[in-house]
Amino acid sequence: MLAQNYLRSIRTCVAAALLGTSATALATDLGPNQTLDPVPIVSLPAGAVLERTITQDYDIAWTVLPNPIPRHITGTVTQRIYRLADDTLTFYYNVSNDSTSQGGLEYVGVRDFSDSTLFDTDASLQGGIICLNCENADRARRDLFGSSITFEYDLGIPTNSHTRPLIIRTNATSYSVSYCRGLYSAGTGRVVVGNSARSLTLCGFASPVTDSTPPVVSITAPTALANNCNPVTIVGTAYDPQGFDNYVVEYATNPNGPWTQITSSTNDVNPAGTLAMWNTTAIASGYYFVRLTAENTSGMTNSVTSVVYVDRTAPNTDLRSPTTSNNPLGGTVCFDGTVWDTGGSTYTIRYRSLPSGSFAHVNPPTGSYPGQIITDGLGSWNTHTGPTAVPDGTYQVRLEGIDSCGLTSIETADIIVDNTTPVGFISSPAPCAAVRGIVNVTGRANDANLASWTLQYTGGDLNTWDTIASGTGPINGTFAQWNTERLRSCAYTLRLIVGDRSSINCGSTNNHVEYTVGVFVGCEADFNHDNFVNSQDYFDFFTAFFAPCP
């Protein structure tokens, strides 16, 4: 142990001495089946830009019999990818060995890192770092095929420290991160840590690739011009098999921008999946351009744009009829108006008794009418018969439009339902009475919503109805003084018509009543109706009296 500590101190002093000198450039190529001994110490060139950091923990466990309790070597491997000023990539590694580790690491291997036919590879150690408890790699070996580079440590990596950073510079301009999709598949970036007795392979690191094509991008949902509710789920693909960097989803009202970012991610999406969840609460309804842009590790980009409709507005709902002013109504009440939305809508119509009744559907049991209506009939309500019949009174009707996003718009109207027939009758003259001269016609005409009454007669030489009097107010007494002096003696009929203001069956009629009374106008002794009373009337009477009825 003392010898190991002594040798480690010597290496530390040598490393410190090297840090005092100018570091060499990243130019020591390690070809297939070659070894660098010692590994040069260099500085990362100025202008290097960090593009990605990947960190993995490791735990190498083993059992030494007869002790059944496992032993562990634990630590962390951190990979950083830098892009240099000439657009090439340098891969930079730190490996730690925890202070609680029960053993040491003797090598760090980078697997599936490079193909000798594609890339040059320079292996180095990072200079300019003062690390008194660090261990330099003694040598770097590249395998026969050029795809693996192993950094070896004669004294092992001490615990509670990091190795001097390992650097592998390539002439590659793009990289791929496998995310551990198939540990031993080609192009999978792996790091192996271990010693002569045991090792562990970690996947999910970056490796250089050849990439001359842009990323693959697509937006599969929502479809072009489709109506969308909040939040809008944007589905598609964004990936590059040779090395994916990031994607951005944006929106704009103009194809030339300006663009507002919805989301960004460094994770590729393949197969198709959710690219973004777009919260549209802060924008107005309308058509928007949605753009997906992806970039690969070579800096190449690709974009695709779609046009979608964002629905943030409730349907246009207009109840033109009935209105509060066109009362009262009865029978079948017809509704007319508009329910429309860009993304489609349905609607319901309900009613309730005022002031505080519960709403019920005019078309039970579901109450919903399908489709959209523009300036046309919206349905009807049978107030007189059936399950929706109601007593006379004051009601509120409510038209509710519902669009595909669940947004609603409501229009209401207060109406009076009147299905009651008016009161109308003639009390004098009595049926079959003989009248003449000025006849006092009396009776009653009344209704809660009285519109008018009309008194008419027909008979004698008339074959149509002639109006005696009319009015709009209630009557409980005399309707008119009927002058019969110029009428020929004959049978006549009086008719009283009383109507209310209720619009029945969508305005086709109203509530009304007709009352008729038959009378004889003239002298009762004028049996033959010649307007003279003489002996001829006497003989005509007896002739009729003794003549048998047929």
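The values are calculated or read from the model by the stated rules, or taken from the named source; none is laboratory data. None of these values were measured; they are calculated from a predicted model. Methodologically, a virtual Cβ is constructed for each residue, glycine included, from the backbone with ideal geometry; neighbour enumeration extends over all protein chains shown. Accessible surface areas use protein heavy atoms only, side chains included; no ligands, DNA or RNA. Shrake-Rupley method; radii C 1.70, N 1.55, O 1.52, S 1.80 Å.
Let me check the size of the range 378-488 from its C-alpha atoms; what are the radius of gyration and Dmax in Å?
23.1, 77
With a cut-off of 11 Å, note down the residues of the range 66-104 whose backbone N falls inside the zone around a label point 7 Å from the Cα of residue 53 toward its beta carbon.
Correct set: 78-81.
Note the per residue figure in Å³ for the convex hull of the C-alpha positions in the range 224-266.
113
In angstroms, what radius of gyration and Dmax does the chain have, counting Cα atoms only?
50.9, 171
Which whole-number percentage describes the relative contact order of the chain, with Cα contacts under 8 Å and a sequence gap of 6 or more?
Once normalised by length, the contact order is 9 percent.
How fast does the range 306-348 diffuse by Stokes-Einstein, in µm²/s, taking the Kirkwood radius from C-alpha pairs at 4 °C and 1.567 mPa s?
100
Suppose R0 equals 56 Å. What FRET efficiency, 1/(1 + (r/R0)^6) with r the Cβ-Cβ distance, do residue 352 and residue 483 give to the nearest 0.05?
Once the sixth-power term is evaluated, E becomes 0.60.
Tell me which of 434, 81, 226 sits at the most positive position along the dipole axis of the chain, charges placed on C-beta atoms (Lys, Arg +1; Asp, Glu -1).
81
Full extension from residue 71 to residue 223: what is 0.36 nm times the residue separation minus their Cα-Cα distance, to one decimal in nm?
Between residue 71 and residue 223, full extension yields an extra 49.1 nm.
Give me the extension gain from residue 493 to residue 410: residue separation times 0.36 nm, minus the current Cα-Cα distance, reported in nm with one decimal.
Result for the pair: 24.5 nm of gain on full extension.
Rank these by accessible area, largest first, 1.4 Å probe: 520, 425.
Order by accessible area, largest first: 425, 520.
Please report the relative contact order for the range 283-390, taking Cα pairs under 8 Å with a sequence separation of at least 6, and give it as a percent rounded to a whole number.
22
Describe numerically, in nm with one decimal, the distance between label points set 7 Å from Cα along Cα→Cβ at residue 545 and at residue 307.
10.3
Apply the Debye scattering formula to the range 396-456, with a single equal point scatterer on each alpha-carbon and no solvent, then give log10 I(q)/I(0) at q = 0.18, 0.22 Å⁻¹.
-0.82, -0.97
Using only Cα atoms, find the angle between the long axis of helix 535-546 and the longest principal axis of the chain, and express it within 0 to 90 degrees, rounded to the nearest 10.
So the helix axis and the longest Cα principal axis differ by about 70 degrees.
Evaluate the Debye formula for the range 458-516 with equal point scatterers sitting on the alpha carbons, no solvent, and hand back log10 of I(q)/I(0) at q = 0.20, 0.25 Å⁻¹, in q order, two decimals.
Calculated log10 I(q)/I(0) at the listed q: -0.91, -1.14.
Using the heavy atoms of the protein chains alone and a 1.4 angstrom probe, what is the accessible area of the chain per residue in square angstrom?
48
Could you tell me the calculated FRET efficiency between residue 143 and residue 100, based on Cβ-Cβ distance and R0 = 51 angstrom, to the nearest 0.05?
Taking R0 as 51 Å, the efficiency between residue 143 and residue 100 is 0.95.
How far, in degrees from 0 to 90, does helix 2-19 lean away from the longest principal axis of the Cα atoms of the chain, to the nearest 10?
Relative to the chain, helix 2-19 is tipped by roughly 70 degrees.
Residue 462 versus residue 534, label points 7 Å from Cα toward the beta carbon: distance in nm?
3.0
Would you report the distance distribution of C-alpha pairs in the range 301-436 as whole percents per 10 angstrom bin, up to the bin with the largest distance?
11, 34, 23, 11, 9, 7, 3, 1, 0, 0, 0
Over the range 148-270, how many percent of alpha carbon pairs lie in each 5 Å bin up to the one with the longest distance?
That works out to 2, 8, 13, 16, 14, 12, 10, 8, 7, 5, 3, 2, 1, 0, in percent per bin.
I want to check the label-to-label distance for residue 197 and residue 33. Put each point 7 Å from Cα in the C-beta direction and report it in nm to one decimal.
Distance between label points: 3.4 nm.
Can you give me the three principal axis dimensions of the range 237-334 from its C-alpha atoms, in Å, biggest first?
Projected onto its principal axes, the Cα set of the range 237-334 covers 77, 28, 18 Å.
Can you pull the percent of the chain's accessible area that's carbon plus sulfur, 1.4 Å probe, other chains left in place?
53
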